[in-house]
Amino acid sequence: MKKMNSSYRLQVIKEVAQKRQMKSTDDPMARHISELLECHHGSPIKTSPTFSDNHYDDHIGGWVSDLWGQTK
């Protein structure tokens with residue numbers, strides 16, 4: 001087996017550390033994003049979670065603030 005290039009090895013270590021950090025966070029939005037990044041591209045995206053003052057809108061394909069349009 002060939003020895004890994006040092007820059008490639010450092011890149012792999014960095015990616016593993018970032019994945020562990022994302023999984024250990026208490027932020028539900030960050031966890032949801034990390035799950036989306038790790039999922040297979042062929043599988044459908046789960047749109048059930050809601051976050052504080054935000055919801056996912058399938059029509060626009062993204063997150064929308066629930067406070068949009070409210071007068072202050």
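The values are calculated or read from the model by the stated rules, or taken from the named source; none is laboratory data. Quantities reported herein were computed from a predicted structural model and do not represent experimental measurements. A quick note on method: Cβ atoms are made from the backbone with ideal geometry, for glycine too, and the neighbour counts reach across all protein chains shown. Accessible surface areas use protein heavy atoms only, side chains included; no ligands, DNA or RNA. Shrake-Rupley method; radii C 1.70, N 1.55, O 1.52, S 1.80 Å.
Taking residues in segment 13-36 that are free of Cβ contacts under 8 Å to residues at least 40 places away in the same chain, and partners anywhere that are open to solvent by 80 Å² or more (accessible area, probe 1.4 Å) and of a type in the set (A, V, I, L, M, F, W, C), the pairs with Cβ atoms closer than 8 Å and at least 6 places apart or on different chains are Leu36/Ile45. Looking across segment 45-72, just one residue is at pLDDT 75 or above, assigned to a loop (DSSP other than H, G, I, E, B) and surrounded by 12 or more Cβ atoms within 10 Å (Cβ to Cβ), and that is Asp66. So, of the residues in segment 13-32 that are of a type outside the set (Asp, Glu) and loosely packed, with under 11 Cβ neighbours inside 10 Å, which turns out to be nearest to Asp53 (Cα to Cα)? For segment 13-32, the residue satisfying everything is Ser24.
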